[in-house]
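Notes follow once the structure below has been shown.
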Amino acid sequence: MPYFVYYVTVNPDNNTKKLEYIDTKDDYRKTRSLAREIRAGMDRSNPHRECRIIFAKTQVEAEKLLSIPREERVIGED
């Protein structure tokens, strides 16, 4: 299965996500390297935009997985 790279921009007012497709790669190391390069060159003025990697069968599945709201992580509670 391939790795997909996206820009994910979250609207803090209504928690919706805007997805911008960047690239698809079959090798994780190449994908990770691409994502690191993109993150290093990103404009830090928008804290709601990030570069994400997703592992999925198809681009449609990748976008579906990225669109699902994530629960906040609780740190320190066992």
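What follows draws every value from the coordinates through simple rules; no lab data is involved. Just so you know, these numbers come straight off a predicted model, no measurement behind them. FYI the Cβ positions are ideal-geometry reconstructions off the backbone, even for glycines, and counts take in every protein chain you see.
Extending each Cα 7 Å along its Cβ direction at E20 and E37, get the distance between those two points in nm, one decimal.
Each label point is offset 7 Å from its Cα along the Cβ direction, giving 1.7 nm.
Of S33, Y21, S67, which is farthest on the positive side of the dipole of segment 3-67, counting Cα position, with +1 on Lys and Arg Cβ, -1 on Asp and Glu Cβ, and the Cα centre as origin?
Farthest towards the positive end: S33.
Magnitude of the Cβ-charge dipole of the chain, K/R +1 and D/E -1, about the Cα centre, nearest 20 debye?
Charge dipole of the chain: 280 debye, to the nearest 20.
Identify the trypsin sites (Lys or Arg not before Pro) of the chain meeting these criteria: DSSP loop state and at most 14 other C-beta atoms within 10 Å of the C-beta.
Passing sites in the chain are R44, K57, R70, R73.
Work out the FRET efficiency for D27 and V74 from their Cβ-Cβ distance, taking R0 = 30 Å, and round it to the nearest 0.05.
0.30
In the chain, which GluC sites (Glu not before Pro) are in a loop and have at most 14 other Cβ atoms within 10 Å, using DSSP for the loop call?
When the GluC sites (Glu not before Pro) of the chain are filtered for loop state and at most 14 Cβ neighbours within 10 Å, E71, E72, E77 remain.
At q = 0.15, 0.21, 0.24 Å⁻¹, what is the base-10 log of I(q)/I(0) for the chain according to the Debye formula with one equal point scatterer per Cα and no solvent? Please give it to two decimals.
One equal scatterer on each Cα of the chain leads to -0.58, -1.00, -1.15.
Which angle between 0 and 90 degrees, to the nearest 10, do you get for helix 28-41 versus the longest principal axis of the chain when only C-alpha atoms count?
Computed tilt is about 60 degrees.
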